[in-house]
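What follows is one structure encoded as structure tokens, with my remarks underneath.
The values are calculated or read from the model by the stated rules, or taken from the named source; none is laboratory data. Note that the coordinates shown come from a computational prediction; the quantities given were computed from them, not determined experimentally. So basically every Cβ, Gly included, is an ideal-geometry build from the backbone, and we count neighbours across all protein chains shown. Accessible surface is based on the protein model in full, side chains and every heavy atom, while ligands, DNA and RNA are left aside. Shrake-Rupley method; radii C 1.70, N 1.55, O 1.52, S 1.80 Å.
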Amino acid sequence: MKVQLPLAEVYAVLEPGPVLLLSTSHAGRSNLMPMSWHCMLEFEPPLVGCVVSAANFSFTALSETGQCVLNVPTLELAEQVVGCGNCSGREQDKFARFGLTARPAKQVAVPLVAECYANLECRVADRQLVGSYNFFILEVVQAWHKPSVTAPRTLHHRGFGKFMVAGEEVSLPSAMR
């Protein structure tokens, strides 16, 4: 038997994918923000939609520069990811505080997080929904990954401080990508 699910908990049912570390840079200051509200919109060119709250320090940097990196952490970085979400980049250097290594990107003026399994360099492609929903559409212009990591144990936010870790992979016949 099913019971009514509170609307504030719907997010945990539709969790869109792994928690990312959004890196931005503006006015000489780099920042990191955990982000779990994102989705793929197109294969080629790869387009990613994401929500960045206007209350976040990263919102201003992304709005003004139009550049970011979507860094994909694995379970080993869980404490640093949560720590980055529990403090503000307005007040401190999150790379330094959480022992993360900033590496230069090739296509954008925003650092990559070296410890992450993958890094997606992005430029804002569309801002039409930013004013209404804080929803940015990003085009991935350069992508990096560690080929030695064949089954990344990514974090998936379930809401209210709870996470799941990507686990068993299942392969089924499909005509889709």
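Residues in the stretch 63-83 that are assigned to a strand (DSSP E or B) and open to solvent by less than 10 Å² (accessible area, probe 1.4 Å): how many? Before the answer, list the steps.
So in the stretch 63-83, the residues assigned to a strand (DSSP E or B) come out as 67-72, 74.
Okay, now just the ones that are also open to solvent by less than 10 Å² (accessible area, probe 1.4 Å), so 68-71.
Qualifying residue count for the region: 4.
Return yes or no: is Ala175 aliphatic (A, V, I, L, M) and modelled with pLDDT under 90?
Yes, satisfied.
Test each condition in (1) out of contact with any Lys or Arg (no Cβ under 9 Å at 6 or more places or on another chain); (2) under 19 Å from Ala102 (Cα atoms) for Ser148 and report the one that comes out false.
Among (1) out of contact with any Lys or Arg (no Cβ under 9 Å at 6 or more places or on another chain); (2) under 19 Å from Ala102 (Cα atoms), Ser148 violates only (2).
Would you confirm, using the coordinates I've provided, whether Glu168 is in a loop (DSSP other than H, G, I, E, B), open to solvent by 60 Å² or more (accessible area, probe 1.4 Å), modelled with pLDDT under 95 and under 18 Å from Leu32 (Cα atoms)? Can you show your working first?
Values: in a loop (DSSP other than H, G, I, E, B): yes; open to solvent by 60 Å² or more (accessible area, probe 1.4 Å): yes; modelled with pLDDT under 95: yes; under 18 Å from Leu32 (Cα atoms): no.
Against the criterion (in a loop (DSSP other than H, G, I, E, B), open to solvent by 60 Å² or more (accessible area, probe 1.4 Å), modelled with pLDDT under 95 and under 18 Å from Leu32 (Cα atoms)), Glu168 does not qualify.
Considering only the stretch 144-159, how many residues are open to solvent by 60 Å² or more (accessible area, probe 1.4 Å) and either in a strand (DSSP E or B) or free of Cβ contacts under 8 Å to residues at least 12 places away in the same chain (or both)?
Qualifying residue count, the stretch 144-159: 6.
Go through the stretch 1-52 and give me each residue that's assigned to a loop (DSSP other than H, G, I, E, B) and under 18 Å from Gly83 (Cβ atoms). Steps first, answer last, please.
First, pick out the residues of the stretch 1-52 that are assigned to a loop (DSSP other than H, G, I, E, B): 1-6, 15-19, 27-28, 36-37, 43-46, 52.
If the condition is that a residue be assigned to a loop (DSSP other than H, G, I, E, B) and under 18 Å from Gly83 (Cβ atoms), then Pro18, Val19, Ser36 are the ones that fit.
Suppose the filter is at pLDDT below 95 and over 25 Å from Leu75 (Cα atoms); does Pro152 pass it?
Values: at pLDDT below 95: yes; over 25 Å from Leu75 (Cα atoms): no.
Spelling it out, it is not the case that Pro152 is at pLDDT below 95 and over 25 Å from Leu75 (Cα atoms).
Starting from the stretch 30-48, take each residue that is closer than 15 Å to Arg123 by Cβ and list its partners that are of a type in the set (Gly, Ala, Ser) and open to solvent by less than 20 Å² (accessible area, probe 1.4 Å), counting only C-beta distances under 9 angstrom and pairs at least six apart or across chains.
The qualifying pairs are Leu41/Gly49.
Working only within the stretch 84-111, note down all residues that are more than 12 Å from Phe57 (Cβ to Cβ), of a type outside the set (A, V, I, L, M), open to solvent by less than 50 Å² (accessible area, probe 1.4 Å) and touching a helix residue (DSSP H, G or I) at 6+ places or on another chain (Cβ under 8 Å).
Phe98, Thr101, Pro111
Filter the stretch 1-30 for residues that are surrounded by fewer than 10 Cβ atoms within 10 Å (Cβ to Cβ) and of a type in the set (Val, Ile, Thr); which is nearest to the chain's Cα centre (by Cα)? Can you show your working first?
Looking only at the stretch 1-30, we keep the residues that are surrounded by fewer than 10 Cβ atoms within 10 Å (Cβ to Cβ), and these are 1-4, 6-8, 13-14, 27-28.
Restricting the remaining residues to those that are of a type in the set (Val, Ile, Thr) gives 3, 13.
Values: Val3: 32, Val13: 19 Å.
This residue is Val13.
Just checking, which of Ala54, Ala118, Ala114 is out of contact with any helix residue (DSSP H, G or I) (no Cβ under 8 Å at 6 or more places or on another chain), of a type in the set (Gly, Ala, Ser) and under 23 Å from Met40 (Cβ atoms)? Spell out the reasoning first.
Working: Ala54 fails: under 23 Å from Met40 (Cβ atoms); Ala114 fails: under 23 Å from Met40 (Cβ atoms).
Only one candidate passes the filter, namely Ala118.
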